[in-house]
Amino acid sequence: MISKEITNKFRLGMRKFVYSVSVVSNRHEDEINAITVSSVTSVSLDPPSVVVSINRQSSIHPSLISDSLFCINMLTADQQEIAAICSDSKQSDERAKHFEFGDEDVPILTNAFLNIICRVDQIFQYHSHSLVVGTVQDVKSLENQESLIYQNGNYKVLPKSY
């Protein structure tokens, strides 16, 4: 059994990492779901795949089912408010007005830095979280944007040229 001291040290240590801030969105039974995440990783180029870590207690978790669509929306520097709305369970009604539907039947933030539209391929449960593996269906991106990042409990901006 891991001690609370080790858990706390780990939590504080992980805060030192720099994360890009993204919102994972989908639609389930005509309801738009969205959650702010920092754990998104590419898995493969053949086929193009990503994995995102989703807390099993989050409102979006039950709607992430095999073969369903979701979008990873990497936020720009001026989308900190959207990150806050999508990380606050009390603001779930506020989320829908920020999303639009394109050719795909998945809600996207059209002014996000990057949209990665995925189909759920596999889901692995690991304690408090599920690792959702998505096969990439489409990618849309904007140029000349500043990325919103998160470190030590604060939002920051990654400059355009780094």
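Nothing in this text is a laboratory measurement; each read-out follows from the coordinates by a stated rule. Keep in mind the model is a prediction, meaning the values are calculated, not measured. Note: ideal-geometry Cβ built from the backbone for every residue, glycine included; neighbour counts use all protein chains shown.
Within the set of pairs 6 or more residues apart or between chains, which connect a residue that is charged (D, E, K, R) inside the stretch 127-141 to a residue that is in a strand (DSSP E or B) with Cβ atoms less than 6 Å apart?
Close Cβ pairs (under 6 Å, with a partner that is in a strand (DSSP E or B)) amount to 138/117; 140/115.
Select from the stretch 93-116 the residues that are part of a helix (DSSP H, G or I) and within 21 Å of residue 155 (Cα to Cα) and list them in ascending order.
Passing the criteria: 94, 95, 98.
Taking the stretch 1-28 only, how many residues are in a loop (DSSP other than H, G, I, E, B), surrounded by fewer than 17 Cβ atoms within 10 Å (Cβ to Cβ) and touching a residue at least 12 places away in the same chain (Cβ under 8 Å)?
4
Scan the stretch 32-65 for residues that are in contact with a Ser or Thr (Cβ under 8 Å, 6 or more places away or on another chain), assigned to a strand (DSSP E or B) and not small (Gly, Ala, Ser) and report the count.
13
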